[in-house]
Amino acid sequence: MISEFQDTVPRPTDGFPPVHLDNNKYENVLEHLDSGIMLFDSNGVLTFINVQMAKLLELPRSLLSGCTLMQMLHHPQMSRFKKKKILRIYRETIFHRKRYHELIDEYGRHWLVTVTYGDQMDGDFLFSVKDVSDYKQIEQTAYQNDKLAMLGRISASIAHEIRNPLTAIRGFIQLLRPHLLQLGKDEYARIILTEIDRANDIIYEFLNSSKPSAPQKTIMSVNSLLKEVVLLTESEGLMKGCEITLDEAEVPLNVSIDVKQIKQVILNMVKNAMDAIEDVGEEHTGLIRISTGTENKYVQISIADNGQGMDHNTLVRLFDPFFTTKESGTGLGLSVSYRIIKNHGGNISVDSKKGEGTRFIIMLPLV
Ligand SMILES: Nc1ncnc2c1ncn2[C@@H]1O[C@H](COP(=O)(O)OP(=O)(O)OP(=O)(O)O)[C@@H](O)[C@H]1O
Ligand SMILES: [Mg+2]
């Protein structure tokens, strides 16, 4: 029986019989690859373009095949944005002889362009384009986490360095207190002690917020949490001339959260929204709209304002620790919020337009 079976198993020395694909099959594979592919001959004429590449260029393949690069750049149906990107790729890869070039398209996706030419290509130029948005996202998250971890370490050492001398000062003032009392200056001792305690509290608060501890979770309804936040911020909002509204989802939405931490996140965002509204000017009627909804297995909390909005430079650095555009800001609000939401298995996204407003969306897993 075994010997019968062994006859059917190829021996290592035999190797597997080579499989031959005909040219049609090869072409079919290339046509439907998830990367975009374009082949130019030595005269710069486009001789092959696959489905994905035509999709990226948003033009039918029949219009592109046989074109030269120059003709492509003058194509009336190609958008100006794409023409600019193609020109840039041409400059980087052919002119500056770089084999790789990264770009972001008009929809915010990251693409890696690779060019292959030389002897192995017989004078042809092969361009391939691959969507690397997911890798970029992972890279950015890792970078963000690294920075937050570093911030945690710095904070811990600051606390150590400042708290120790404060404890010593507190001890000696207590020893001096009876002497100050004799001099009728007990009030001085009292003030020094209160101020030392206040400094200690500030350090404690700072450490707690810059390095959020593991969440102590309880199950809670999102709506009652948001009602509380609105209650807490309404009067400050009124003073600053902005109305805060809450649109609750009709169904009750429960999440498992550290209530103190998530409240801190939403308060941070509402406070940022108020600041952004204040910066527009006194005449402006501010509006902060908090609303809830669901997406797949997540609760969505949206905090939208009609404040001054953000430019590109602010948007890309928004969650960086210590990044602030405010005179008295610490720039910790959003970086800490980001860490808290990530610790809860959620996510924060933001959409903003300069001069129009900003919308933050917090996603938290539904219970
Ligand atoms: N809703 C918003 N509209 C416009 N800009 C915003 C908004 N939210 C945040 N920002 C920008 O992001 C920056 C970082 O915000 P973050 O909350 O981390 O720090 P901060 O508000 O500057 O300081 P802190 O929170 O310590 O008071 C802000 O300085 C501001 O430029
Ligand atoms: Mg803030």
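Structural remarks
- Taken as a whole, the structure places residue 257 among residues that are closer than 23 Å to residue 336 by Cβ and more than 16 Å from ligand 2 (Cβ to nearest atom).
- Among residues of the range 350-361 that are more than 18 Å from residue 291 (Cβ to Cβ), those with a Cβ under 9 angstrom from a residue that is among the charged types (D, E, K, R) and surrounded by 13 or more Cβ atoms within 10 Å (Cβ to Cβ), sequence gap 6+ or separate chain, pair up as 354/311.
- Checked against (1) more than 16 Å from ligand 2 (Cβ to nearest atom); (2) crowded, with 19+ Cβ neighbours inside 10 Å; (3) modelled with pLDDT of 95 or more, residue 302 passes all but a single condition, namely (2).
- Among (1) closer than 30 Å to residue 107 by Cα; (2) among the hydrophobic types (A, V, I, L, M, F, W, C); (3) more than 45 Å from the chain's Cα centre (by Cα) - the single one residue 148 does not satisfy: (3)
- Those residues of the range 316-336 which are within 15 Å of ligand 2 (Cβ to nearest atom), modelled with pLDDT of 90 or more and not in a loop (DSSP other than H, G, I, E, B), in sequence order: 317, 334
- Tally, over the range 125-140, of residues that are free of Cβ contacts under 8 Å to residues at least 60 places away in the same chain and not basic (Lys, Arg): 8
- Hey, residue 219 within 32 Å of the chain's Cα centre (by Cα), at pLDDT 80 or above and among the aliphatic types (A, V, I, L, M) or not: yes
- The range 268-299, residues that are among the charged types (D, E, K, R) and either within 16 Å of ligand 2 (Cβ to nearest atom) or touching a residue at least 60 places away in the same chain (Cβ under 8 Å) (or both): 271, 275, 278, 279, 295, 297
- Any chance residue 344 is surrounded by 16 or more Cβ atoms within 10 Å (Cβ to Cβ), more than 16 Å from ligand 2 (Cβ to nearest atom) and not hydroxyl-bearing (Ser, Thr, Tyr): yes
- Residue match in the range 160-167 (condition: charged (D, E, K, R), within 29 Å of residue 201 (Cβ to Cβ) and either assigned by TED's automatic domain parsing to the domain that holds residue 45 or surrounded by 12 or more Cβ atoms within 10 Å (Cβ to Cβ) (or both)): yes
The values are calculated or read from the model by the stated rules, or taken from the named source; none is laboratory data. In this text, all values refer to a predicted model and were calculated from it rather than measured experimentally. Reconstructed Cβ throughout: ideal geometry from the backbone, glycine too, with neighbour counts over all protein chains shown.
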